[in-house]
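Step one of this worksheet: look at the structure below.
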Amino acid sequence: MANSEECCSTQLIDGDGTFNATGIDRLIKEVKLGECGLSYAIVSIMGPQSSGKSTLLNNLFATNFREMDAFRGRSQTTKGIWLAKCAGIEPCTLVMDLEGTDGRERGEDDTAFEKQSALFALAVSDIVLINMWCHDIGREQAANKPLLKTVFQVMMRLFSPRKTTLMFVIRDKTRTPLENLEPVLREDIQKIWDSVPKPEAHKETPLSEFFNVEVVALSSYEEKEEQFKEQVASLRQRFFHSIAPGGLAGDRRGVVPASGFSFSAQQIWKVIKENKDLDLPAHKVMVATVRCEEIANEKYADFSGNEEWSQLEEAVQSGPISGFGKKLSSILDTCLSEYDAEATYFDEGVRTGKRSQLEEKLLQLVQPAFQALLGHIRSGSLDKFKEAFDKALNGGEAFSVAACNCSESFMALFDEGCAHAVITQANWDTSKVRDKLKRDIEAHIASVRAAKLAELTALYEAKLKEALSGPVEALLDGANSETWPAIRKLFRHETESAVSGLSSALSGFDMDEQSRGKLLSSLEAYARGVVEAKTKEEAGRVLIRMKDRFTTLFSHDSDSMPRVWTGKEDIRSITKTARSSSLKLLSVMAAIRLDDGDADNIENTLSLALVDSTNVAAKDRSITTADPLASSTWQEVSSSKTLITPVQCKSLWRQFKAETEYSVSQAISAQEANKRNNNWLPPPWAIVALIVLGFNEFMTLLRNPLYLGVIFVGFLLIKALWVQLDVAGEFRNGALPGLISLSSKLVPTIMNMIKRLADEGANAAANDPHRNPPLASKNFTNEGNASSEMSSSASSGLTESDYSSPSKQD
C-alpha cells in the first residue's frame, strides 16, 4: 500500500482476479470512510491500454497511481484494479483505476477480465470516466467501440442497474471544436446502445434511463502540458459535491452505506467471478443484512461489557435499586441509538428487522435482572406489610381494618416500585408478580387470622376451664339435691359470659355469620366438654368420695368434732345417715344432667334397690322382687350421659359396704369397751358380802390406828400406781391387751416412783445440814416426811391423770 500526505491507495483486485479484502479494510479505516454514511462517491476510469488513465487520475485527484514510462515503450502499467482516495475533495471520494482494455499482454481472446472489471465498475461506481482518443470519434473501427459495447452488454446483466454518470474524456483534442465532436460521439453511443441485445423489459428503454452522459475534452499532456493541467484543474472543480443535487452524480440510486462498502464490493466481485447475473437490489439487501447484523452484534457486545450495566446487574442481585428502570432504559436507548446512527443508510426493512432483533436480544439479556428486581420489590413489600400489619394489630386496630389498609397500602407501594422498575423499551407484564404478592399477603392475613382466632379461642377456653373445673369439682364433692341445678346455673353463666366476650372480640375480624357461629358453638361445646370431663373424672373416684363422706359423717358429730364412743350414741342411726349421704353422692355421679330437661329417678332407684330392699328382705325373706339395678342403662337417661351404669352402682355399693363395715364394727367394739370401763365396781351383792364378812377386820382396824396408817399409805401407793399406769385407759381396749400392757409397764413405774422419792429425800437433807434431832425423833420425822411426800406425790399424780385422761382416751 502506498501513501502520500493526503492520499493513500491499494490494489483492490490483482491481475488474477483475487480480491484484496485486507487492503480495502485498511484503506477504509485510514480514510475513516465508515463515518461518512451515504456522503461519499466512487469514481472509476476505464479505457484502452496506455491511454493515459493513471496520468489523468493523478493530475485530476492528486493520487499516486503508477504511470507508464514513455521512454521504456508502451506497455501495460496497471494490472487489475487499484483504489485510492482523492485528496482534497469533498465529500470523501474514492477512485478506481482499471486495467486497460485491448492490451497485448492478455491477447485478443482473453476479454473475460475486461468484462468482469467493467461490470464491477458499473456496479459500484457513481461516475465512470471513459478515456478515449479524439481521432477515434466518428470512425467505425475505433478503439472505443469495443469498450462501449462491453459496457452496455455487461450493464444488461444487472437486474436493476444503478444510474451511473458516464463521462467521456476525449484525449489529445485537435482543433475541431468540442461542439462538433460531442454530437458525433453521442450519435455513435446511441448506435451502440441500439445495437446491443436487451431483455424484453428494456427493449424500449432509452439510454438516459441508465446513464447520464457527459463529454469533456483535454489537450495533449505531452505537447500542451500547461494547457492540459489547466483543463484538468477546471474539470476537478466539477467533482466537488458531486453527489449533491445537480452534481455529476446527483441522481444516483441504490447507494450502499460507507460502512458496508468493503463487504458490498467483495460480494459483488464474488458474484461476477462466478459468472452469475448481478441482482443489485438483492445485493443491497444482502449487504444491509450482513452489515446491520454486524452492527447489532457489535452493539450487543458493547452493551454486555458496559460498566454501568454490569454494576446494575451486580447490584440488583443483592437488593432493589432506586431508578433501575430509568437507568437501564437510558443505557438501552443509547445502545439502540448508536445502532440507528450506524445503520441508518442501509435498507430500511433490513435495518428495522435487525434493530428489532437487537432490541429483543438486549431485553432477553436484562430480563433476569428485571425479574430479580421485581422479586426484591415483592419480598420487600411483603416484609414491610407483615411488619406494618403486626404493628397495627399490636396498636389495637381492628383486624379487618388493619388487613384492608395495610394490603391496599403495600400493593400501591409495589405498584410504585414496579413503575420505577419498568424499562421503556420493554412491554413486560408485571401482573404475575403482583398476583403472587397479593396471594402472599392474603395467605399471611389468613395465617395471622387463624393464629389470632386460635389465640382468642384458647384464651376463652382457658378462662372457661378455670371458671368451671374447680367449682364443678367442689359442687360434686358436696353432692346433694341441688348439685346439678347449681352446676347448670354455673355452666350457663360462665358459657354466656365467655361467648359474649368472644363474640365481641370477633367483631373486628369481619367474619361471615356462618364462621362466627361455628366458633361460638365450638366454645359452647368446649364448656360442656369441660364439665363432662370433670364429672367423668370425679365419677372415676366415686368410691373414694363415698368412703370419705361416710368416714366424715360417721366419725364426726354435727359440730365436726371427732366422736367419742361413750355408749350413748345410736350407731345404727349414724351408720344409716352416713350411708344415705354416700348413696346420694353415688346417685349424683351416676349421670350427667347439664340440660334443663334432664330429669331422672336414679336416686330413688338406688335407694329402693340398695337400702330399702335390705330392710324389706330382713323383715320378710319370702318376698322376691325384680332387681332394678340389673341393667346397663338408666331409664330416661341416654347412654352418652351415663357415667355409672346400674350394674356398676350395685357393684360399687357392695364394695363400699364391705370397706366401711370395719369402721362400724370398730365403733361398736369401742362403745362396748367404754361401757365395761365405766362399770368397774363389783356387784352390790359382793359389796354386802364384803361388809358382813369383813366386820371383824374393820373393828380391829378401828382399835389399832397404826393399821389405818399402813392401809392409808398402801392406798396412796396403789392410787399413784393406778394413775401412773392409767389402768382404766389400758382396759378400754379389752382385758387381755390391758393386762399385757400393765405387766410391761409395772416394774418401770415402781422403779421410777422409788427414784423420785429418794431424790426428794436427798434434796431435803441437803437443805438443813445443821439440824441434829434425837435418833427416835429423827426416825419418826423421816417416816412422817416420807409418808407426807408419798401422799403429796400420789395426789399430784392423781391430779395429773385427771387432766391427762381425756387426751389419752382420745
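A few remarks follow.
- Pairing each residue of the range 336-358 that is within 23 Å of A426 (Cβ to Cβ) with any residue that is outside any helix (DSSP H, G or I) and at pLDDT below 90, provided the two are 6+ apart or on different chains, yields C-beta distances under 8 Å for L336/Q425; A343/P257; R351/T344.
- Cβ-Cβ under 7 Å pairs, at least 6 apart or on other chains, the range 538-559 side open to solvent by 40 Å² or more (accessible area, probe 1.4 Å), far side outside any helix (DSSP H, G or I): S555/P562; S555/R563; H556/P562; H556/R563; D557/R563
- Here the range 451-463 is the region considered, the condition is being farther than 12 Å from L506 by Cα and among the hydrophobic types (A, V, I, L, M, F, W, C), and the residue that is surrounded by the most Cβ atoms within 10 Å (Cβ to Cβ) is L459.
Table: residues versus (1) modelled with pLDDT of 85 or more; (2) surrounded by 14 or more Cβ atoms within 10 Å (Cβ to Cβ).
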position: P471; (1), (2): yes, yes
position: S481; (1), (2): no, no
position: S500; (1), (2): yes, no
position: R516; (1), (2): no, yes
position: A525; (1), (2): yes, no
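- In the set (1) in a helix (DSSP H, G or I); (2) more than 16 Å from L594 (Cα to Cα), the condition left unmet by M511 is number (1).
- Single residue of the range 689-721 satisfying the filter (of a type in the set (G, A, S) and within 30 Å of L757 (Cα to Cα)) that is surrounded by the fewest Cβ atoms within 10 Å (Cβ to Cβ): G714
- When residues of the range 659-676 are limited to those that are out of contact with any helix residue (DSSP H, G or I) (no Cβ under 9 Å at 6 or more places or on another chain) and acidic (D, E), the one modelled with the highest pLDDT: E661
- Residue check for V271: β-branched (V, I, T), open to solvent by less than 60 Å² (accessible area, probe 1.4 Å), in a loop (DSSP other than H, G, I, E, B) and within 30 Å of V169 (Cα to Cα): no
- Counting only residues that are modelled with pLDDT under 85, out of contact with any Leu (no Cβ under 7 Å at 6 or more places or on another chain) and of a type in the set (A, V, I, L, M, F, W, C), the range 186-218 holds 4 of them.
- Considering D440, D415, D390, D477, the condition of being over 18 Å from the mean Cα position of the chain (by Cα), surrounded by fewer than 18 Cβ atoms within 10 Å (Cβ to Cβ) and over 30 Å from F491 (Cβ atoms) is satisfied by D415 alone.
- Residues (surrounded by 14 or more Cβ atoms within 10 Å (Cβ to Cβ) and small (G, A, S)) located in the range 344-357: G353
- Hits in the range 372-382 (condition: without any contact (Cβ under 8 Å) to a residue 60 or more places away in the chain and either surrounded by fewer than 21 Cβ atoms within 10 Å (Cβ to Cβ) or more than 21 Å from N405 (Cβ to Cβ) (or both)): A372, L373, L374, G375, S379
- Selection from the range 195-221 of residues that are under 25 Å from R252 (Cβ atoms) and open to solvent by 30 Å² or more (accessible area, probe 1.4 Å): K198, P199, A201, H202, K203, E204, P206, S208, E209, N212, E214
- Close pairs (7 angstrom Cβ cut-off, 6 or more residues apart or separate chains): among the hydroxyl-bearing types (S, T, Y) and assigned to a helix (DSSP H, G or I) in the range 227-250, at pLDDT 90 or above and surrounded by fewer than 13 Cβ atoms within 10 Å (Cβ to Cβ) anywhere: none
- Restricting the range 570-615 to residues that are of a type in the set (D, E) and surrounded by 15 or more Cβ atoms within 10 Å (Cβ to Cβ), the residue that is modelled with the highest pLDDT: E603
- Exactly one residue among A282, A341 is modelled with pLDDT of 85 or more, open to solvent by 10 Å² or more (accessible area, probe 1.4 Å), assigned to a helix (DSSP H, G or I) and over 30 Å from E416 (Cβ atoms), and that residue is A341.
- Residue in the range 420-431 that is surrounded by the most Cβ atoms within 10 Å (Cβ to Cβ), counting only those that are in contact (Cβ under 8 Å) with a residue 24 or more places away in the chain and assigned to a helix (DSSP H, G or I): A421
- Any hit, the range 467-481, residues being over 30 Å from F550 (Cβ atoms) and assigned to a helix (DSSP H, G or I): yes
- Single residue of the range 560-569 satisfying the filter (open to solvent by 50 Å² or more (accessible area, probe 1.4 Å) and among the charged types (D, E, K, R)) that is farthest from T645 (Cα to Cα): K568
- Looking only at the range 89-112, residues that are at pLDDT 80 or above and either among the hydrophobic types (A, V, I, L, M, F, W, C) or surrounded by fewer than 16 Cβ atoms within 10 Å (Cβ to Cβ) (or both) come to 7 in all.
The values are calculated or read from the model by the stated rules, or taken from the named source; none is laboratory data. Please read these numbers as outputs of a predicted model, since none were measured by experiment. Heads up, the Cβs are rebuilt from the backbone with ideal geometry, glycines too, and the neighbour counts pull from every protein chain shown. Areas reflect the complete protein model, heavy atoms only, side chains present, ligands, DNA and RNA absent. Shrake-Rupley method; radii C 1.70, N 1.55, O 1.52, S 1.80 Å.
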